[in-house]
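*Asks:* Mind having a look at this structure? Questions to follow.
The values are calculated or read from the model by the stated rules, or taken from the named source; none is laboratory data. Please read all numbers here as calculations on a predicted model, not as lab measurements. Cβ coordinates were reconstructed from backbone atoms using ideal geometry, including for glycine residues, and neighbour counts include every protein chain displayed.
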Amino acid sequence: MMLEVQDLRKYFPVRGGVMMRVIGHVKAVDGVSISIEKGEVFGLVGESGSGKTTLGRTVLKLTEPTGGRIIFDGRDITDLSGKELIPLRREMQIVFQDPYKALHPRKRVKDIVGEPLIIHEGASDTEVRKRVAEMLKLVGLNVEHMDRYPHEFSGGQRQRIVIARALILRPKFMVLDEPTSALDVSVQAKILNLLSDLKEQFDLTFLLISHNLAVVQHMSNRIGVMYLGKLMEVAPSQELFEKPLHPYTKALISAIPIPDPKLAKKKRKMTLRGEIPSPLHPPSGCRFHTRCPFAKEICEREEPPLREVEPGHWVACHFWDELREVGVLNA
Ligand SMILES: Nc1ncnc2c1ncn2[C@@H]1O[C@H](COP(=O)(O)OP(=O)(O)OP(=O)(O)O)[C@@H](O)[C@H]1O
Ligand code: SF4
Ligand SMILES: [Mg+2]
């Protein structure tokens, strides 16, 4: 197992009043358990504010967990800090959404991509040039790009630079947080293909985060659907699309545009009403009940646990079985 997360929580204190006392907590991640196998791509989806980025940052210990355990490559890293984390930083990397913000504007590509080699290995300039050149080729850039500055590149090329930097130390595990969301549609597929190729070449394991199910669909082996800090459903990718068991998943699938109007007409749609509630005051019982067209009285009172209802298929809904029987969640 590459990563095992048990009952992970991350609460952010909220301050208010004249004394700026803590008046509550944003429960950005509220009891999430997942395990990701070596070589697997685990897709994590959910609307804006559901806690995806917080989960990604917490598993890498870029932010301290409030509770739960993180086991990385067989080692419990929950309580590691400072120096103890340095060797692990090589093995786990993150790629963020915005390649414009991720790159230092006054540094050359060679220094941006090569910096981790100097920090972690004390590599010489000749060594850095050699390895940066190799890496640039692997991500589809040229050796000549080495001495240029970020502003001379397109968004897609910048994301390639970000990826080159993340890969230069040969990590085992990467969190890809909306890696294509800031890019033109035409470039998105190219970057996803590149990531797929690199994954095979470098034996990587990915946690792929996106608000867009279509982005994670093709690349992920399994997908987890998050809502207000909790997982609503986890299933193998194809199964999740063909047989969603949670109304929220169904709504996310319905939101994917279908280019063919004839096919689009045939599809059974489910649209979500309202906005995602504030994670400062999540709804009682099932957090999705304020927006769920199938909610009954018990949903407001009792929280449905995430249960494995078929091998590898987990769902947190009181009525998953009934909904499946009547076929309302079918494609
Ligand atoms: N440092 C922080 N301090 C306080 N609240 C935070 C902090 N970081 C995130 N939050 C809150 O935690 C919740 C989850 O945020 P997060 O960024 O993890 O969501 P997300 O699913 O990644 O959303 P998006 O799709 O917009 O990136 C939000 O309500 C957000 O406002
Ligand atoms: S538990 Fe109730 S409110 Fe929640 S998803 Fe299921 S039917 Fe909807
Ligand atoms: Mg995010």
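*Asks:* Take the residues of the stretch 48-86 that are closer than 20 Å to ALA166 by Cα, within 15 Å of ligand 1 (Cβ to nearest atom) and β-branched (Val, Ile, Thr): which is farthest from the chain's Cα centre (by Cα)?
*Replies:* In this case the residue turns out to be THR63.
*Asks:* Can you tell me which residue is nearest to ILE34 (Cα to Cα) among those in the stretch 294-331 that are within 8 Å of ligand 2 (Cβ to nearest atom) and assigned to a loop (DSSP other than H, G, I, E, B)?
*Replies:* Filtering first and then ranking leaves ALA316.
*Asks:* Return a yes/no flag: does the stretch 253-270 have any residue that is within 25 Å of the chain's Cα centre (by Cα), in contact (Cβ under 8 Å) with a residue 40 or more places away in the chain and part of a helix (DSSP H, G or I).
*Replies:* Yes, the conditions are met somewhere in the stretch 253-270.
*Asks:* Then there's this: Return yes when GLU239 is under 24 Å from the mean Cα position of the chain (by Cα) and more than 16 Å from ligand 3 (Cβ to nearest atom) and no when it is not.
*Replies:* Yes; evaluated as a whole, the condition is true for this residue.
*Asks:* I'm trying to understand the selection: among the residues of the stretch 31-53, which are surrounded by fewer than 23 Cβ atoms within 10 Å (Cβ to Cβ), closer than 22 Å to HIS281 by Cβ and at pLDDT 95 or above?
*Replies:* GLY31, THR53
*Asks:* Using beta carbons and a limit of 6 Å, which pairs, at least six apart or on different chains, have the first residue in the stretch 283-295 and on the phi > 0 side of the Ramachandran plot and the second one away from ligand 3 (no atom under 16 Å from the Cβ)?
*Replies:* Here the result reads GLY285/CYS299; GLY285/GLU300; GLY285/ARG301; GLY285/GLU302; GLY285/GLU303, each pair linking the stretch 283-295 to a residue that is away from ligand 3 (no atom under 16 Å from the Cβ).
*Asks:* When the residues of the stretch 232-252 are narrowed to those that are assigned to a helix (DSSP H, G or I) and among the hydrophobic types (A, V, I, L, M, F, W, C), which ends up surrounded by the fewest Cβ atoms within 10 Å (Cβ to Cβ)?
*Replies:* PHE241
*Asks:* Are there any helices (runs of 4 or more DSSP H) wholly within the stretch 129-230 with 3 or more residues that are within 24 Å of GLU242 (Cα to Cα) and touching a residue at least 24 places away in the same chain (Cβ under 8 Å), and if so which?
*Replies:* Hits in the stretch 129-230: 213-217.
*Asks:* So, in the stretch 274-291, of the ones that are within 12 Å of ligand 2 (Cβ to nearest atom) and crowded, with 20+ Cβ neighbours inside 10 Å, which residue ends up nearest to GLN238 (Cα to Cα)?
*Replies:* Here the answer is PHE288.
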